[in-house]
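Working notes, beginning with the structure itself.
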Amino acid sequence: MAKGKGKEMLLVGSKTKEALKGSGKETFNVSSDALDALNEYVYWLVDQAQKKCKANGRKTIRSYDILAM
């Protein structure tokens with residue numbers, strides 16, 4: 001569960017942190033709340049895609065429902 005949010009974590013923590021950290025000459029530290037924030041953003045994207053799909057009279061969420069935000 002995401003801390004204090006009551007929402008299930010949709011991201012694979014270790015893989016997401018690895019992607020955020022980067023590699024090579026440019027690497028970054030990842031704060032403890034970064035995954036929670038990204039998880040909240042994913043929930044928002046899902047909600048927006050559902051609304052767009054419904055508004056268009058469809059029941060199938062397509063890639064453009066997510067990417068055209």
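The values are calculated or read from the model by the stated rules, or taken from the named source; none is laboratory data. Fair warning: this is a prediction, and the values are worked out from it, not measured in the lab. In this analysis, Cβ positions are derived from the backbone assuming ideal geometry, glycine residues included, and neighbour counts consider all displayed protein chains.
Return yes or no: is TYR64 of a type in the set (Ser, Thr, Tyr), assigned to a helix (DSSP H, G or I), in contact with a Lys or Arg (Cβ under 7 Å, 6 or more places away or on another chain) and free of Cβ contacts under 8 Å to residues at least 60 places away in the same chain?
no
List the residue pairs whose Cβ atoms are under 7 Å apart, where the first residue sits in the stretch 17-40 and is aromatic (Phe, Trp, Tyr), the second is surrounded by fewer than 12 Cβ atoms within 10 Å (Cβ to Cβ), and the two are 6 or more positions apart or on different chains.
PHE28/GLY22
Inspect all residues belonging to the stretch 30-41 and state whether any of them is among the aromatic types (Phe, Trp, Tyr), part of a helix (DSSP H, G or I) and at pLDDT 95 or above.
Scanning the stretch 30-41 turns up at least one residue that is among the aromatic types (Phe, Trp, Tyr), part of a helix (DSSP H, G or I) and at pLDDT 95 or above.
Report, by residue number, each residue of the stretch 13-29 that is surrounded by fewer than 11 Cβ atoms within 10 Å (Cβ to Cβ), over 16 Å from the mean Cα position of the chain (by Cα) and either of a type in the set (Phe, Trp, Tyr) or not in a loop (DSSP other than H, G, I, E, B) (or both).
SER23, GLU26, THR27, PHE28
Sort through LYS59, LYS51, LYS15, LYS21 and tell me the only one that's touching a strand residue (DSSP E or B) at 6+ places or on another chain (Cβ under 6 Å) and at pLDDT 95 or above.
Only one candidate qualifies: LYS21.
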